[in-house]
Amino acid sequence: MKKYSGFSLFKHSLSHHENWQAAWRSPQPKKQYDVIIVGGGGHGLATAYYLAKVHGITNVAVLEKGYLGGGNTARNTTIVRSNYLWDEASKLYDHSLDLWKDLSQDLNYNVMFSQRGVLNLGHNLQDMRDIERRVNANRLNGIDGVVLNTAEVKEIVPVINDSQDIRYPVLGASWQATGGVARHDAVAWGFARGADSFGVDLIQQCEVTDIITEDGAVVGVQTTQGFIGSKKVACVTAGNSGVMAAMVGLRLPIESRPLQALVSEPVKPIIDTVVMSNAVHAYVSQSDKGDLVIGAGTDSYNGYGQRGSFHIVEHTLSAICELFPMFSRVRMNRAWGGVVDTCPDACPIISKTNIKGLYFNCGWGTGGFKATPGSGHVFAHTLAHDEAHPFAAPFSLDRFNTGHLIDEHGAAGVAH
Amino acid sequence: MHHIYCPYCEEAREEEEYSYTGEAHIERPKDPAAMTDEAWGDYLFFRSNPRGIHHEMWYHASGCRRYFNVTRNTQSYEIHETYKMGKLPTITAKTIAADALVAQQGDAS
């Protein structure tokens, strides 16, 4: 891998940028791998990268049915934060936030991680009590956070409507200054390039159609490019996890639903942080291009359509227009949906299964992007040692049978 | 937005009148106290979540306030039928596959 640097940029400018090395190879699949990762999104590519880098396992294939980072990695609203309520979740997400801080240097790829702070708004007394509880829990876990009142929110976001005479008045917010946004595509591409440089095979246009088992152990996968053998198969397929599980007769505690987002036309810098509101199912930030990036809620029903219902967008935009009256005349450029794998306790599953060699990293629901590096890091450990990383252990599949759920619904200021 | 036919009201109404209440035909265990943790967890949380034909319950919240079942394709969002609680679906993934096979053979002959 040729290193990217200011000097290389200058050097290649002399040849009109026509001689850059491809960021990754496009190899033919081998017959056998040590580990097969199904799903070439951010989490899958991060898993491959850390498997190679931390654990020295490089005979790895990432199988992607479409193109790298073309699923939910390309469809999210890029928010990164770690202000989760419960110890287990806050450890996992804060581990991820730590990795984010040095990710651009580590990958030699600019993921444009910008710690511009995240506000989670409270609109009623109970919201504010929940926010105080969560911020206190965060601080006990070493995660930065403060509780702000209306005036302090207004100071950070001058364009917000601070009238107390609206349907959802802003009574205050939690503020995590270390939160922010990152460039979603760059995260996938950076991990892909990094994994490829260690010799991981990234195989695109290769859909897994079946998982082959013998005597309760995985032996490989059937794909649209033929059979590929491996004793370890890791499914990192987000919304399609239920479909993968059904191939081996497993059921998961997951329901797949469309989650929507939309972006406006580019406007001048107007909002330099991330504003989320749990109660009204709306969140907004502004990209470096100037588009307002707006996230909505999930549809209430299961769907694999990668598009959401119009009335969900309508609810979100009515809330956004109330919070930011000046946005009412901004035109929306594009809207889309991604299929998210929602868990009953709004926490992920990073786990072995009762089939030897079959692993799942799924259930990230509406908030997986922030966890991309952390998820890959702990899952790589789970794959390499056949035993859960300490941060991943509470997120095993059997918590739904033992009852040790990690109930982050609403508590985390998660917008859904 | 779906237009869903409520088998009790006998009218098609907009989706917003209804709320979705999850996978259908999951029977409440008759003797919960006798169940293992595993079976109880399966009953509470584990779902089939198919990409394709799905039988699910909806609640007519702003209408008759009754639950009923819907057979819907989670990929195309086509609603195949709605039927009352306690009834079984007449259209399933199997019947659709069989119909497709018949149609295919019809084309061939």
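The values are calculated or read from the model by the stated rules, or taken from the named source; none is laboratory data. A quick note: this is a predicted structure, and the numbers were derived from the prediction, not measured. Reconstructed Cβ throughout: ideal geometry from the backbone, glycine too, with neighbour counts over all protein chains shown. The protein model used for the area step is the full one, side chains on, heavy atoms only, and it has no ligands, DNA or RNA in it. Shrake-Rupley method; radii C 1.70, N 1.55, O 1.52, S 1.80 Å.
Once region A:288-304 is narrowed to residues that are touching an Asp or Glu at 6+ places or on another chain (Cβ under 9 Å) and within 11 Å of chain B (Cβ to nearest Cβ), the residue that is surrounded by the most Cβ atoms within 10 Å (Cβ to Cβ) is A:ASN302.
A:GLN260 satisfies every condition listed in (1) over 16 Å from the mean Cα position of the chain (by Cα); (2) more than 30 Å from B:ASP42 (Cβ to Cβ); (3) in contact (Cβ under 8 Å) with a residue 60 or more places away in the chain except (1).
Could you list, in sequence order, all residues of region A:17-31 that are in contact with a strand residue (DSSP E or B) (Cβ under 9 Å, 6 or more places away or on another chain) and not hydrophobic (A, V, I, L, M, F, W, C)? Within region A:17-31, A:ARG25, A:SER26, A:PRO27, A:GLN28, A:PRO29, A:LYS30, A:LYS31 qualify. If you go through region A:65-87 and keep only what is in contact with a Phe, Trp or Tyr (Cβ under 7 Å, 6 or more places away or on another chain), under 14 Å from A:ARG134 (Cα atoms) and open to solvent by 40 Å² or more (accessible area, probe 1.4 Å), you end up with nothing. In the set (1) in contact with a helix residue (DSSP H, G or I) (Cβ under 8 Å, 6 or more places away or on another chain); (2) surrounded by fewer than 20 Cβ atoms within 10 Å (Cβ to Cβ), the condition left unmet by A:GLY39 is number (2).
Does any residue of region A:333-343 turn out to be within 23 Å of A:ASN120 (Cα to Cα), open to solvent by less than 30 Å² (accessible area, probe 1.4 Å), among the hydrophobic types (A, V, I, L, M, F, W, C) and out of contact with any Pro (no Cβ under 9 Å at 6 or more places or on another chain)? Looking for residues that are within 23 Å of A:ASN120 (Cα to Cα), open to solvent by less than 30 Å² (accessible area, probe 1.4 Å), among the hydrophobic types (A, V, I, L, M, F, W, C) and out of contact with any Pro (no Cβ under 9 Å at 6 or more places or on another chain), one finds none in region A:333-343, hence no. For A:GLY290, the conditions (1) free of Cβ contacts under 8 Å to residues at least 60 places away in the same chain; (2) in a strand (DSSP E or B); (3) at positive phi are fulfilled apart from (2). Could you say whether any residue in region A:192-210 is open to solvent by 60 Å² or more (accessible area, probe 1.4 Å), among the aromatic types (Phe, Trp, Tyr) and not in a loop (DSSP other than H, G, I, E, B)? The answer is no; no qualifying residue exists.
Strands (runs of 3 or more DSSP E) fully within region B:5-88 that include at least 2 residues being open to solvent by 60 Å² or more (accessible area, probe 1.4 Å) and more than 8 Å from chain A (Cβ to nearest Cβ): B:11-14. Here A:CYS362 clears all of (1) of a type in the set (A, V, I, L, M, F, W, C); (2) within 13 Å of another protein chain (Cβ to nearest Cβ); (3) out of contact with any Leu (no Cβ under 8 Å at 6 or more places or on another chain) except the condition numbered (3).
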